Amino acid sequence: MVGKLVWLVISAVAAGSLAVVAGVANPAEKVNALWLVTAAACFYLVAYRFYGAFLAAKVLSLDPRLITPARRLADGMDYHPTNRWVLFGHHFAAIAGAGPLIGPMLAAQFGYLPGFLWLLIGAVLVGAVHDMVILAASVRRNGRSLARIAKDEIGPVGGLAASLAILFILIVALAGLGLAVVNSLAKSPWGTFTIFLTIPIALFMGLYLYRIRPGRVGEVSAIGFVLLLAAVFSGHYIPGSPLEPFFSLGKGGLTLAMAAYGLIASILPVWMLLCPRDYLSTYMKIGTVILLAFGVVFMAPTIQMPAMTRFVAGGGPIIPGKLFPFMFITIACGAVSGFHSLISSGTTPKMIMSEREIPMIGYGAMLAEGFVSVMALVAATILIPGDYFAINTKLSFDAIAALGFPVERVRELSAMVGTDVAGRPGGAVSLAVGMASILSSLPGMKGLMPYWYNFALMFEALFILTTVDTGTRVARFLLQELGSRAFPRLGQQNWLHGIIITSFLVVAAWSYLIWSGNVSTIWPMFGVSNQLLAAIALGIGTTILIKSGKARYAWTTVLPMAFMYATTFTAAWKLTGSFLGKAAAAATAAEAFTLRMNAGLVVLMAILAVVTLLDMLLKWHGYLTERRPITTSEVMEFEEPA
């Protein structure tokens, strides 16, 4: 009875807070950011408790007696039973990349309300469902990749189309994420030095946890936390020191350094570098988000951005397109991300110890990412709108004022953080300014805004880089599976030469896109490709539900899938036209080639997605009418009763 009363109160607080945020209550007053934070926290808690439990019990029928691949196929390389808190840290770090930070920052041009509602509804009904369903499916199929699951469950035609689409989409997504790291760390020796130190720290943690003091999670967590703090604070002394030239890198140097790290992280055993570094990064990610939440509570800032701006109809200075479909592809990860399906069918299912941990890791980590996105949206919308546009565009102050948003404090903000922040598009700088404004409002932090600004830039890069390393490893899995069709030995996960070759090919592909592109070309491609992958993954999840006799619950994946296909096909059509138009007016032949190549990649991904969708629809009809026999690739082995 007490428990029901508690959940009733939390639900009432969520409803009341949403009413204030949406302008139903006190519509004439400006909204305080506290209402957004409260509404999101309560809404996500209720969703996890009830909708997450419904998915676990009814839709997926999770069984803790099932022996997971991590235990049954343990090899010390990719399959490795991992403590659930360490695995949650790895999974959250791997899925929480650029999208939950940069997407809401850019989409704030439409106003605070559209993005906020999409972060709530999308995360609960689309993104978390997507992640949890694919994770459960992979755990029950020996930790196989999404591409292999598509081949086994849909068939050779749809499976091949899905595999090729997933590979292309993953390469583009890694390029988009990597570019965000480059933009955050360019000429930032403090941040680059700190992130460099996380690599030897992670190697030490991996050896400590699995070789020196096996299973001592508490000890290694405490040691890692202290070393991470030391890395953050010591980075402050790098600018102006003899080490500065080694860590003050431009776009080319950062791209090469990131490529080298991605290659090494993809080849080494997962327990040695990848998992401990992701776990280490999660300390900073979650700790900083909690600190931001405390800052919002203490500062109680007013949201300066209108609920909706005139740019919902298009013509915005940051995103030229209309609210639909572009907001839904700009906020790529905070609400739903196809990239998550690759992690949920890549590293995580090979390390999870029990099916009872799937809701916490699959559903819970997505909601945690949604909350991160809400904090990013708050950081964007507490800025005066004219200042927000002055930072995120290269328009003159007069041109911004002509749009109805006069610039007021951007010069003051530049002086406070110690660098000129005007005309720095891409979202990273405005996010750092917003975060620094919140964090410097905490007691005793008033004079530390320049430090918080540099810390925020480093935080963004750390947030994103953990997605790049895991994504590279997942792409390596996929390329090995595809290559094994022509060269069977390539599919052997313990063949070192194959691991090195496929890792190098993956790294070379996304590095080239970063080297030749910029945020205006790569980020829209990332948004479209990422959400298109989510649509494909939801379709594969629907296929699995139908084949497992859960057709009555298929609405949980079909409805989100339909929306994502409609959104991404519309965006792909508009983006292709935009790329071809820019190519026709390009100043150089090289620029025109890059833009036409980008347009071709978008068209190719869309065609492969259409082929996959048509094949899935055909198979669904056969299964539901009982004209097609149902086979499954599930591997179910249960523990013997004691």
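Rule-based calculations on the coordinates, nothing more; no lab input. Bear in mind the structure is a predicted one, so any value in this text is a computation, not a measurement. Heads up, the Cβs are rebuilt from the backbone with ideal geometry, glycines too, and the neighbour counts pull from every protein chain shown.
Per-structure values
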quantity: In range of the label at H621: residues from the stretch 137-172 whose backbone nitrogen is under 18 Å from the point 7 Å along Cα→Cβ; calculated: 154-159
quantity: Stretchable slack from D63 to L505, in nm (0.36 nm times residue separation minus alpha-carbon distance); calculated: 155.3 nm
quantity: Spherically averaged projected area of the stretch 145-193 from its Cα convex hull (nm²); calculated: 4.0
quantity: Distance in nm between pseudo-label sites at W7 and S414 (7 Å out along the Cβ direction from Cα); calculated: 5.4
quantity: Principal-axis tilt of helix 365-381 within the chain, Cα atoms, nearest 10 degrees; calculated: 20
quantity: Dimensionless Rg over Rh [the stretch 437-585; C-alpha; Kirkwood]; calculated: 1.09
quantity: For the stretch 1-88, size of Cβ-based charge dipole, Lys and Arg +1, Asp and Glu -1, in debye; calculated: 260
quantity: Nearest-0.05 FRET efficiency for D152 and A53, computed from C-beta distance (R0 30 Å); calculated: 0.55
quantity: Kirkwood hydrodynamic radius over Cα pairs of the stretch 438-501, then Stokes diffusion coefficient at 20 °C and 1.002 mPa s, in µm²/s; calculated: 143
quantity: Tail fraction, Cα-Cα pairs, the stretch 576-638, threshold 16 Å, whole percent; calculated: 65
quantity: Segments 583-595, 340-352 sorted - mean Cβ within 10 Å per residue, highest first; calculated: 340-352, 583-595
quantity: Percent RCO, i.e. relative contact order, over the chain, from Cα pairs under 8 Å lying at least 6 residues apart; calculated: 27
quantity: Modelled FRET efficiency - R0 51 Å, F487 with A313, Cβ distances, 0.05 increments; calculated: 0.45
quantity: Nearest-ten-degree value, helix 128-139 long axis tilted from longest Cα axis of the chain; calculated: 30
quantity: Three-way shape call for the stretch 1-104 based on the alpha-carbon gyration tensor, with the a/c threshold at 1.5; calculated: oblate
quantity: Sites matching trypsin sites (Lys or Arg not before Pro) across the stretch 549-578 that sit in DSSP coil, with at most 15 neighbouring C-beta atoms within 10 Å; calculated: none
quantity: Restraint check, K151/K547; K285/K446; K151/K350; K285/K322, Cα-Cα greater than 24 Å; calculated: K285/K322
quantity: Given charges at beta-carbon only (K, R positive; D, E negative), |dipole| of the chain in Debye; calculated: 740
quantity: Relative contact order (%) - the stretch 22-168, alpha-carbon pairs under 8 angstrom, separation at least six; calculated: 20
quantity: In sequence order, calculated HN-Hα J values of the stretch 589-596 (Karplus, 6.51, -1.76, 1.60; Hz; x Gly/Pro); calculated: 5, 5, 5, 4, 4, 4, 5, 5
quantity: Using a Förster distance of 51 Å, the FRET efficiency for S396-V610 (Cβ separation, nearest 0.05); calculated: 0.75
quantity: Rounded tilt (10° steps) of 217-234 against the dominant C-alpha axis of the chain; calculated: 30
quantity: Which label in (1) 24.7, 80; (2) 64.6, 203; (3) 23.4, 76 gives the computed Rg and Dmax of the Cα atoms in Å; calculated: (3)
quantity: By average C-beta atoms within 10 angstrom, highest first, the peptides 412-420, 154-162, 60-68; calculated: 154-162, 60-68, 412-420
quantity: Relative contact order, percent, the stretch 515-613 [alpha-carbon distance under 8 Å, six or more residues apart]; calculated: 33
quantity: Spread of Cα-to-Cα distances over 5 Å intervals beginning at zero, given as percent, for the stretch 393-518; calculated: 2, 9, 13, 13, 11, 10, 9, 8, 8, 7, 5, 4, 1
quantity: Dipole axis of the chain (+1 Lys, Arg; -1 Asp, Glu on Cβ), positive-most option in Y623, F487, A508; calculated: Y623
quantity: Spacing of the two label points (7 Å from each Cα toward its C-beta) at I264 and S633, in nm; calculated: 3.4
